[in-house]
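Visitor: Quick one: this structure, given as structure tokens, is what I'll be asking you about.
The values are calculated or read from the model by the stated rules, or taken from the named source; none is laboratory data. This is a predicted model, so every value here is computed, not measured. When we count neighbours, we look across all protein chains shown, and the Cβ atoms used for this are built from the backbone with ideal geometry, even at glycine.
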Amino acid sequence: MSKDKVQIFDTTLRDGEQVPGCKLDTEQKLVIAERLELLGVDIIEAGFPISSPGDFRSVTEISKLVKNVTVCGLTRAVKKDIEVAADALKYAKRPRIHTGIGTSASHIKYKFNSNKDAIIEKAVAAVKYAKTFVEDVEFFAEDAGRTDNEFLARICEELIKVGVTVLNIPDTTGYCLPEEYGAKIKYLKENVTGIHKATLSCHCHNDLGLATANSIAGVANGARQIECTINGIGERAGNTALEEVVMILRQHPTLGLDTNINSKLLNSTSLMVSQKMGMMVQPNKAIVGANAFAHSSGIHQDGVIKNRETYEIIDPADVGVNESSIILTARSGRAALAYRAKIVGYELTKIQLDTVYQEFLKYADTRKEVVDNDIHEIIETSGINIKA
Ligand code: KIV
Ligand code: ZN
């Protein structure tokens, strides 16, 4: 069965870089952009050109560098922003302007002291103006997660009339439940005249830990673009993690969706972004965390040694990890000890293993982890006559 493609819009260099203390310079951004192109992302959001001369330069240089990816620059629904973004994108082979405005009741009231009709007017004017510079114009309805669906549909319909190519429905505050976000996308698919002329995009934040689930609910209901970052980095609790949505779509073929990402580069890309940003990846992070393919309890280790599939739903090689690891702790069993002892050079008989295992448990109870050097020490001092 041929699968529908979900476009991967990477915003590591824009929304991701909004993490406090993780500022990147242009040279670092260029290295990451080159890697993102290799990874197979469809769109790179390179920055917010009007925000600073440094960001303008980054967007310009990335536009010159990458050739097979759409390069996108963010703007507010403000003429000057759009002009500056168009200028920064002038070397891009495939430029996209990403403009938008807040659409929720609280944004309209507190940020803009405005009303719905005036917001639609501003949005339409921004898209029309952006279209005078580039063909590909994406619109974000900021705080769409808390915007009423009827108003959202109205604004989308008006923007389609003026040629918007992508309609971004951000859950800016990470508020929605997956059912709610999926229903929002479905509502737009079913109620906006001409919706087939634009791509609906999911842009979800992780304040309640639901960014990935919401993005998947979005594409399951008809969106065909996901905005995400490597390692899920971003302001507050972050954005949707690219590696998570890519592997969910791959592991669940019944969704009938896939991406252009070369998943074998996920682990090394995660490492590169983590190092460049000086932001550690939590060890239990799905897909790219140090423990994502590590097994330390006896029951799991016994299963994995017999057949990896007993406790792993992803082949580590598919995401660029050499192999699963068996970590020895006081929760480990004989199978794991025999397995690791063999790797470091000891082929233990059943009787020898019983003896060494008792010594191992005493040792392991005093440590967080038993490493290869410890195995040598335990075996050599256990009284059995064996050499590595
Ligand atoms: O979260 C958000 O609403 C955004 C927009 C600027 C797209 O990042
Ligand atoms: Zn965002």
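Visitor: Taking Ser382 as meeting all but one of (1) assigned to a helix (DSSP H, G or I); (2) hydroxyl-bearing (Ser, Thr, Tyr); (3) touching a helix residue (DSSP H, G or I) at 6+ places or on another chain (Cβ under 9 Å), write down the number of the exception.
Guide: (1)
Visitor: Right, another one. Considering only the range 361-379, state which residues are in a helix (DSSP H, G or I) and not hydrophobic (A, V, I, L, M, F, W, C).
Guide: Listed by number, the residues that qualify are Lys362, Tyr363, Asp372, Asn373, Asp374, His376, Glu377.
Visitor: Here's a follow-up. Please go through the range 189-224 and pick out each residue that is under 27 Å from Val19 (Cα atoms) and more than 15 Å from ligand 2 (Cβ to nearest atom).
Guide: Once the filter is applied, which keeps residues that are under 27 Å from Val19 (Cα atoms) and more than 15 Å from ligand 2 (Cβ to nearest atom), the range 189-224 yields Leu200, Gly209, Ala213, Ile216, Ala217, Val219, Ala223, Arg224.
Visitor: Restricting to the range 321-360, and then to whatever is in a loop (DSSP other than H, G, I, E, B) and among the acidic types (Asp, Glu), can you tell me which residue is farthest from Ile287 (Cα to Cα)?
Guide: The selected residue is Glu347.
Visitor: Would you kindly identify the strands (runs of 3 or more DSSP E) lying entirely within the range 104-206 that contain at least 3 residues that are touching a strand residue (DSSP E or B) at 6+ places or on another chain (Cβ under 8 Å), farther than 25 Å from Val84 by Cβ and more than 14 Å from ligand 1 (Cβ to nearest atom)?
Guide: So the answer is none; nothing clears 3.
Visitor: Taking the condition within 16 Å of ligand 1 (Cβ to nearest atom) and outside any loop (DSSP other than H, G, I, E, B), does Asn214 pass?
Guide: Answer is yes for this residue.
Visitor: Just to be sure, is Leu30 more than 16 Å from ligand 2 (Cβ to nearest atom), over 17 Å from the mean Cα position of the chain (by Cα), under 16 Å from Lys64 (Cα atoms) and crowded, with 18+ Cβ neighbours inside 10 Å?
Guide: Yes.
Visitor: What tally of residues in the range 8-31 results from selecting those that are more than 16 Å from ligand 1 (Cβ to nearest atom), among the β-branched types (Val, Ile, Thr) and either assigned to a strand (DSSP E or B) or farther than 19 Å from Leu266 by Cα (or both)?
Guide: Total satisfying the criteria: 1.
Visitor: Follow-up question, since we're still on this one. Would it be correct to say that Val78 is over 19 Å from the mean Cα position of the chain (by Cα), within 16 Å of ligand 1 (Cβ to nearest atom), aliphatic (A, V, I, L, M) and crowded, with 24+ Cβ neighbours inside 10 Å?
Guide: No, not satisfied.
Visitor: I'd like to check something: does the range 40-62 contain any residue that is surrounded by 22 or more Cβ atoms within 10 Å (Cβ to Cβ), part of a helix (DSSP H, G or I) and of a type in the set (Ser, Thr, Tyr)?
Guide: yes
Visitor: Still on this structure, I have one more. Could you list all residues from the range 217-228 that are part of a loop (DSSP other than H, G, I, E, B) and either outside the structural domain of Glu142 (by the TED database) or not basic (Lys, Arg) (or both)?
Guide: Passing the criteria: Asn221, Gly222, Ala223.
Visitor: Follow-up. So how many residues does the range 239-258 have that are touching a residue at least 12 places away in the same chain (Cβ under 8 Å), surrounded by fewer than 22 Cβ atoms within 10 Å (Cβ to Cβ) and not hydrophobic (A, V, I, L, M, F, W, C)?
Guide: Residues that pass the stated criteria total 5.
Visitor: Is the range 304-313 home to any residue that is in contact (Cβ under 8 Å) with a residue 24 or more places away in the chain, touching a Pro at 6+ places or on another chain (Cβ under 6 Å) and in a loop (DSSP other than H, G, I, E, B)?
Guide: no
Visitor: Is it true that Leu36 is surrounded by fewer than 24 Cβ atoms within 10 Å (Cβ to Cβ), not in a loop (DSSP other than H, G, I, E, B) and not acidic (Asp, Glu)?
Guide: Taking the combined requirement at face value, the residue does not satisfy it.
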